[in-house]
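Let me begin by presenting the structure, written as structure tokens, before commenting on it.
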Amino acid sequence: MGEGRAVLHEAVEHLEHVLPAQAPIRDFVHHNTLHGFQHLPFRQAVAAAANRIGARGFLQLDEFRGHFQRGRIDPEDLRTALRAVAELDADAPLEPRLGKLRREDVFRAALLYDLNPITPARLRFEIEELRCLERLNAQVWPDSRSRLLKSAGVAEADALGDLWSACREALGIEYKVLHPEELTRVDAAGICEARSRLEADAYGLLVRTIARVGEDWTLRELMRSLTGEDLMLHLQPSLLRHLGSHLDQGLAAWHSPERPRGFYQAWRGSMASDLGWGLIDLPGWRAIIARLPTGAVDAVAAHLRLLGLPERKWADYLERLSLELPGWSGMFLWRDHHPAYGGFGDIPVGLTEYLAVRLVLERLFAHGMCRKRWQIEPNLEEIRRHFHHHPAELLVRHALYNERLPEHLVTLARGLTQQATFSIEQLTDAAWQEAAERIEAWRCGAPDGRTQDASASGSAWQLFLLCQHLGVSGRELRRVGAGAAEGLLRCLRRMDEETAGYVWLLAYERHYREQIFGALVANHGRGRRTDPTAVPEAQLVFCMDDREEGMRRNLEEINPELETFGAAGFFGIAVNWRGLDDTAVTPLCPIVVTPSHEAREVPQCGTENVNAMHERRRAMRLRWKQRLYEGTRRDLLSSALMIAAAAPATLVALTVKVLAPSRIGRLALRLRTGFDLAVPTRVEFEAPADSPLATPQQPRFGFTDVEQADRVQGLLRTIGLTSVFAPLIAVLGHGSTSENNPHMAAYDCGACSGRHGGPNARLFAAMANRREVRGILAERGLVIPEATWFLGGHRNTSTSAVTWFDRDALPPTHAAALAKLDADLLEAARNHARERCRRFASAPAAPTPLQAHRHVIERSFDFSQARPELGHATNAAAFIGRRSMSRGAFFDRRTFLISYDPTQDPAGTVLEAILLAAGPVGAGISLEYYFSTVNNERYGCGTKVVHNVTGLFGVMEGAGSDLRTGLPLQMIEIHEAMRLLIVVEHRTEVLDAICARQPALQELIGNGWVQLAAKHPDRAEVSFLEPDRGWARWAPSAGPPPTVERSADWFMGHSDALPPALVSRSAWGCA
Amino acid sequence: MTFESQLALVPLAPLLAALAIAGTRLFRLSAGDAAERPTARMATGGVAVSLLLMLALDAAALLKGLPHRVRFGTWFASGRFELPISFALDPLSLSLGTLVALIAFLALRFSVNYMHREAGFHRFFFAMSLFSAGMLLIVLAGNAALCFVGWELAGVSSYLLIGYSQQSEIATDNAVRAFVTNRIGDAGFLVGLAAAFYWIGSLEWREIGAGAVRLETLPAGVMVLGFVIAASAKSAQVPFAPWVARALEGPTPSSAIFYGSLMVHAGVYLLIRLEPVLDHSLAVMGLVAGLGAATVLYGWLSGLVQTDVKSALVFATITQVGLMFLECGLGWFDLAAWHLALHASWRAYQFLLAPSYMHLVGGPAKPAPGWLSGRQWLYTAALQRFWLEAAGDWLLLRPTRGLGDDMNAFDRQVVDRVTGSAEPARHLPTGPERETEPEAVARGYGSAGRLLEIAAARLARFEEHLLLQGAGGRLARALVQAANYLRAVEALLERPRYLLLLVMATFAVIL
């Protein structure tokens, strides 16, 4: 058993590569969906995931074709992308006698048009109804059309008929229309030959079928392919109840008394008293349950042995098993890997225990199926033995459940399987034999039966279409001969779905990249301050978040005297934060960091009484709220009273909430704060200089003066703000508010682990304002003028409202500056709202800034709104460099903007830190959006409207589905799925050196999970890094982007993705 | 045309809206985002008309009083039987009608944003309009037949919305299950209708109420039992309860108004409507109270272990509806009516807010009381929902399916062979066809000769097939086959389902 344990342990460890690694949904943080494959190059990783998880990792070809139609990809992009995939050898000539045609032409046809085989019935429809043998395919380009007609030299109908026969001749295929029933009529010689072949076929099939278990099948798949019955449908409802109950974070009031002993034990305890087993027809369930081992690991091993699976296949078997319900398995795995999460009740959660239960249940139901039909155990050897003696039965069952048989054969085969299951008398082999022969006869006779490829609706149809798109006529095809036709098809097959998806993605990315590079080059020098020593009116530090691009641009348009910066939204202060009303600390920093320090919000001196009252009232309000929302569903009689008391008010509230959401939302907010009483607060974050060392393992309260100075200096150096300081410097964290949104955390600050970043901004400002800190900084050569004041704030990305912290501490000399800034921020928020509205279908068509602002506020209060805001949707690029690089250009809220001054960091040490921190955050966001967009069914979580919050940790669809992970459809519907393009303002050598030093960046960049480009700090020059070829200097292919005065001139009236433009209003900065 | 005759428009407006939506979709008048607005307008507009009319009627009833019943003419008449199109305007119908219209309107307005860009957008609004019409018809109908029409409309639209995710096997499966369970209730309703028609001669609620007093216990019991079964199935009472927990597959707003707020209360409304009848049938009252009490226990205990919001809410809902049944059973119909209205309002709100439940509650739920929490058996029972569904399958589904399979086998093996209309595949030989031209026995001339010739041929073939081929001949084979059939029938009779069938048949004959 010991050896088996080791195998199992390793197998379970291995599952983290394939299972989704999403945390409980309240702690949602964006991460690379294929994190488990990140050690591979992007394309290989996608292919490996497709292979193991069975999920496509590129957009569907039709969607790409749609982008092509809309002009988001152009022919030039395709041409370049085809050349970027070296193994395609797109430039090679096709066949000397076919004129100038190259392989590229075949590939292009395969990318742009659907050249896949079709069904025989469809072919008949195409010929008889759509007249495809008389008219050229409507999609064929005019020059191909004229080439074909010219070379054929006859009328269109004749040319096509000739082409069709030439295609069939070249491939040696006959086309005849036969009814399936006629096909069972074969000659005597045929049947004898078939009969002798049948047995051999059956044995081969048997070996293959059994071997698949533990490779890409579980017992469930085996049973499904033999009986057509899915045992998952039977076991799922009961299983999900147990799973939900074990992982529950406090939605249910009642849990298994055995829950603290782990899932397997709790489930086993429940099994013994479950009457349900007696009610379903499961022979032998009692014996199976009585024999269950006490430990989960033993149970897994025992059941894999009972199944008769060799140990070398255990790992793969468990992987397949866990992938049957990836969401639930993933949650077990996450909890297993995060024992410190604790959660409600601090229940032990082990993936092995879950797998044990799955195996037992699988066996139970498979046992029932096998007993009923064949009186055997669900054991691979026994199943093999049974079908070894009854080969014909295997053939019939396999054909019935895995192939598309014509109706009369389905009736025949289904009759037999029913008889075998229900009839009292044993079915003789002769009956199976007869059916198997009939099926075989049909298969041999069917034009598309035995070899799918070489058939009229297969390869002949493909060749027929391809020739049309290439403009090759029948006459020409005959001239070049059968070998050339085969060559054409071979070339076509190289462009399989995976390759095509990758080529399309490259083209898609290139199209946008060209536009970005064009704008950056054209913008060179425009965003620079004319007098670098002039002091800006105010400076604002925002989060690097892509949503802030719009805000910053609009702000600069309104008041060019402002300077803006971007930094990861925790502003270098990793802290365990405890707000005034919090009962526990919350880490506010990127997910990969564990804070060593703690800080808290406390009432200001002299307001203790107000605070005490506030606490009492708030506690009371929450108690009643809890009673209302939870008591009315949990309790029996008191809930009836609560309902009766609350209902009349509810009816009014509901009516207003539906009809005027923002009005009642704001009213409720006012009432709430009025009732709770607002307490003036301050932050407490100081620690004496002789405090013990703070570590993530032993966090300590507060920061010493030196630690504070380190943090302030760190951020200012990172963003390059070291000399010209404005009198007022605002630091703005962000977060989002919305109603009725289980995925709320996904809209908040990614650099604060999906929470509101306001406290970090507040702490930063408070530290930077301290005399002691400034003293230390001055000693280090960073002199912040006396007159400069830092002000922390929080920006709501949904309503665009800004809340300032510690405003009362602002020196009166700065009041006017703040009032001016407030006015600018409000105007910018309105203009920005207008820009956001263009992407909302339900927003007013051409709103004024004020209307637009009202609309976005209403969305955040509207509980019927499944899209309160668009989050990071459309994010596509990240700029690391001075604002002068991008200031004065419109980037459509699609770029992360990270401030960094290369001139102050010639060796790239600061850059290295930025890349290490922002790279994974940006890539995580971009890749989560990428995968949720390209395959929302498998990597995303489908539509929000059927979501059902489960156990306070996830969502299901309806009341009995897998746990859904990833992003909902509503968040990604306008996203353009491409990999993040990081443009760094620095020299390529510096970047190379950094990547060489940092394996994490090597993985991300070298493996192509993000794209990297470098903008030269002094010249209008951009280089692009192609992972396998190195840096290439970019050359513009189109003219410079258009110039407009304001952003609104560019975006008004458009609702789709817009290319960059230059905005003259914001360009010149502080002149 | 009096003012109150506008009443007919109340259920008609949403119905017309539903038809209009279906029409525009059928002819594909528009597509994409642009198509949403007309659909949403038609649906909300239809219900808004109902709501405004109801409010106007309420005002009129308050100010000048309205007759309790409006009649628009005859639906159909035959002999002594007449079925009028009549609506009720008494306080019960008026208040519930207003509530239904209001909640339906709010849910539809909610859905305009919520369902934006859903693949099933139009389907959803079509079904919701249909449901609104059905629900309004249920509470406003003046007679049981019209009420039944509404009952069915609500049932069909519920089926359509549970199966909203057409691609999901679980969702469609559950839709069928809910639909089938509701058919049992419908059968009860039909029994009630037939009994009322047969023994009372009218389907008007008022006359059913008045007539029931004169009835004997048995007829009155049969009639009211039918209605009670219908009410229990629609309101998901034990033993029909399991369907409602499976009905949560649809979008949130539809779950809210079907299973949280409106349709699940239709059964309670029916009971309140039948108050005069129930009052005279103590035994049935006891039954209603018993069902209610059982449901309260079932819903509460199962509700305690639910780990997803929608299930937790739906169990809480049927617990409250169970309480309403209990109240009806105890004769407190007014209390039940108030309870219904208040509960419907609250639950609609709570269901619509279900997605944010996580953010609304501060911490974990209050744990189950100590005397309960340690009981493993009871916990398992609650978790498995007292095995009601499995028991139902065991009692009804499996025997029925078995019967079906046997019938199928009988058809194929006996009936088809006897009548000779087997499926074509059986006649297709796998080998080369045997040429079996019968030999000419005699040759005749003229029409009489021809007749003789045919007769001779027939006789010859008869002789050959039956007698000459001896043991391998037709007769022998037929006899062997008959013996086989008898043996099979005997074996079948040994199975419990046939025993059950036989017993049932015997009872049917005796009764």
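The values are calculated or read from the model by the stated rules, or taken from the named source; none is laboratory data. For clarity, every value in this text was computed on a predicted model and none was experimentally measured. Virtual Cβ from ideal backbone geometry, glycine too; neighbours counted across all protein chains shown.
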### Query
With respect to B:Ala348, is the statement that it is hydrophobic (A, V, I, L, M, F, W, C) and more than 9 Å from chain A (Cβ to nearest Cβ) true?
no
### Message
Out of the helices (runs of 4 or more DSSP H) lying entirely within segment A:964-1067, which hold 1 or more residues that are closer than 21 Å to A:Gly922 by Cβ and touching a helix residue (DSSP H, G or I) at 6+ places or on another chain (Cβ under 8 Å)?
### Response
A:969-972, A:988-997
### Query
So A:Arg830 fits all but one of (1) within 21 Å of A:Glu548 (Cα to Cα); (2) out of contact with any Leu (no Cβ under 8 Å at 6 or more places or on another chain); what number is the exception?
(2)
### Summary
Taking first residues from segment A:941-953 that are more than 7 Å from chain B (Cβ to nearest Cβ) and surrounded by 24 or more Cβ atoms within 10 Å (Cβ to Cβ) and second residues anywhere that are β-branched (Val, Ile, Thr) and assigned to a helix (DSSP H, G or I), the pairs with Cβ under 8 Å that are 6 or more apart or on different chains are A:Phe953/A:Ile25
### Message
For segment B:268-359, give me every one of the helices (runs of 4 or more DSSP H) that falls completely inside it and has 1 or more residues that are modelled with pLDDT of 95 or more and over 21 Å from B:Val213 (Cα atoms).
### Response
B:282-305, B:309-329, B:333-352
### Residue list for segment A:236-283, filter: closer than 21 Å to A:Arg335 by Cβ, more than 7 Å from chain B (Cβ to nearest Cβ), outside any loop (DSSP other than H, G, I, E, B) and of a type outside the set (A, V, I, L, M, F, W, C)
A:Gln236, A:His242, A:His246, A:Arg259, A:Pro260, A:Arg261, A:Tyr264, A:Gln265, A:Arg268
### Query
Which residue out of B:Asp33, B:Asp90, B:Asp58 is of a type in the set (Asp, Glu) and exposed (fewer than 15 other Cβ atoms within 10 Å of the Cβ)?
B:Asp33
### Query
Yes or no: A:Leu637 more than 39 Å from the chain's Cα centre (by Cα), modelled with pLDDT under 90 and surrounded by fewer than 16 Cβ atoms within 10 Å (Cβ to Cβ)?
yes
### Message
Can you find, within segment B:314-338, the residue that is surrounded by the fewest Cβ atoms within 10 Å (Cβ to Cβ) among those that are of a type outside the set (Phe, Trp, Tyr) and over 17 Å from B:Gly299 (Cα atoms)?
### Response
B:Asp334
### Query
Among the residues of segment B:243-252, is any within 14 Å of chain A (Cβ to nearest Cβ), crowded, with 22+ Cβ neighbours inside 10 Å and touching a Cys at 6+ places or on another chain (Cβ under 9 Å)?
no
#### Entry: Residue list for segment B:85-143, restricted to those being within 14 Å of chain A (Cβ to nearest Cβ) and hydroxyl-bearing (Ser, Thr, Tyr)
B:Ser95, B:Thr98, B:Ser111, B:Tyr114
### Residue count for segment A:309-330, restricted to those that are surrounded by fewer than 17 Cβ atoms within 10 Å (Cβ to Cβ) and not in a helix (DSSP H, G or I)
2
### Task
Return yes or no: is A:Ala768 part of a helix (DSSP H, G or I), modelled with pLDDT under 95, buried (at least 23 other Cβ atoms within 10 Å of the Cβ) and more than 14 Å from every other protein chain (Cβ to nearest Cβ)?
no
## Note on the structure
Among the residues of segment A:723-753, the number that are modelled with pLDDT of 95 or more and either surrounded by fewer than 22 Cβ atoms within 10 Å (Cβ to Cβ) or in a helix (DSSP H, G or I) (or both) is 2
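Let's see how each residue does on (1) within 14 Å of chain B (Cβ to nearest Cβ); (2) under 30 Å from A:Leu654 (Cα atoms); (3) touching a Pro at 6+ places or on another chain (Cβ under 6 Å); (4) of a type in the set (Lys, Arg):
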site: A:Gln698; (1), (2), (3), (4): no, no, no, no
site: A:Thr704; (1), (2), (3), (4): no, no, no, no
site: A:Arg711; (1), (2), (3), (4): no, no, no, yes
site: A:Leu716; (1), (2), (3), (4): no, no, no, no
site: A:Ile719; (1), (2), (3), (4): no, no, no, no
site: A:Phe725; (1), (2), (3), (4): no, no, yes, no
site: A:Leu763; (1), (2), (3), (4): no, no, no, no
### Task
Would you please list the contacts, defined by Cβ atoms under 6 Å and residues six or more apart or on different chains, that run from a residue in segment A:831-854 that is more than 17 Å from A:Thr797 (Cβ to Cβ) and of a type in the set (Ser, Thr, Tyr) to a residue that is at pLDDT 90 or above and in a loop (DSSP other than H, G, I, E, B)?
none
### Query
Looking at (1) crowded, with 22+ Cβ neighbours inside 10 Å; (2) over 30 Å from A:Pro75 (Cβ atoms); (3) of a type outside the set (A, V, I, L, M), which is the one condition that is false for A:Trp1050?
(2)
## Note on the structure
Filter segment A:331-346 for residues that are within 14 Å of chain B (Cβ to nearest Cβ) and surrounded by fewer than 23 Cβ atoms within 10 Å (Cβ to Cβ); the one that is modelled with the lowest pLDDT is A:Gly342
### Message
As an exercise: evaluate B:Ala77 against (1) assigned to a helix (DSSP H, G or I); (2) out of contact with any Gly (no Cβ under 7 Å at 6 or more places or on another chain) and give the number of the one condition it does not meet.
### Response
(1)
### Message
Test of understanding: among A:Val349, A:Val396, which residue is at pLDDT below 95, assigned to a loop (DSSP other than H, G, I, E, B) and surrounded by 21 or more Cβ atoms within 10 Å (Cβ to Cβ)?
### Response
A:Val349
### Task
Please determine, by comparing only the residues of segment A:217-226 that are surrounded by fewer than 21 Cβ atoms within 10 Å (Cβ to Cβ) and assigned to a helix (DSSP H, G or I), which one is nearest to the other protein chains (Cβ to nearest Cβ).
A:Arg224
### Message
Out of A:Gly631, A:Gly674, I need the residue that is within 11 Å of another protein chain (Cβ to nearest Cβ), part of a helix (DSSP H, G or I) and without any contact (Cβ under 8 Å) to a residue 40 or more places away in the chain. Which one?
### Response
A:Gly631
### Query
Counting just the residues of segment B:289-309 that are buried (at least 24 other Cβ atoms within 10 Å of the Cβ) and more than 22 Å from A:Ala959 (Cβ to Cβ), which one comes out nearest to the other protein chains (Cβ to nearest Cβ)?
B:Gly292
### Task
Give the residues of segment B:207-220 that are of a type outside the set (Val, Ile, Thr) and surrounded by fewer than 19 Cβ atoms within 10 Å (Cβ to Cβ), sorted by residue number.
B:Glu207, B:Gly209, B:Ala210, B:Arg214, B:Glu216, B:Leu218, B:Pro219
### Query
Quick one: what pairs do we get from segment A:111-129, first residue exposed (fewer than 12 other Cβ atoms within 10 Å of the Cβ), second at pLDDT 90 or above and of a type outside the set (Ser, Thr, Tyr), C-beta under 8 Å, 6+ apart or different chains?
A:Asp114/A:Leu61; A:Asp114/A:Asp62
### Query
Among (1) assigned to a helix (DSSP H, G or I); (2) over 30 Å from B:Leu396 (Cα atoms), which single condition is B:Ala119 missing?
(1)
### Message
Take A:Ala302 and tell me if it is part of a helix (DSSP H, G or I), free of Cβ contacts under 8 Å to residues at least 24 places away in the same chain and of a type in the set (A, V, I, L, M, F, W, C).
### Response
yes
### Query
Identify, please: which residue in segment A:846-875 is out of contact with any Gly (no Cβ under 9 Å at 6 or more places or on another chain), small (Gly, Ala, Ser) and within 14 Å of chain B (Cβ to nearest Cβ) and is, among those, nearest to B:Glu118 (Cα to Cα)?
A:Ala866
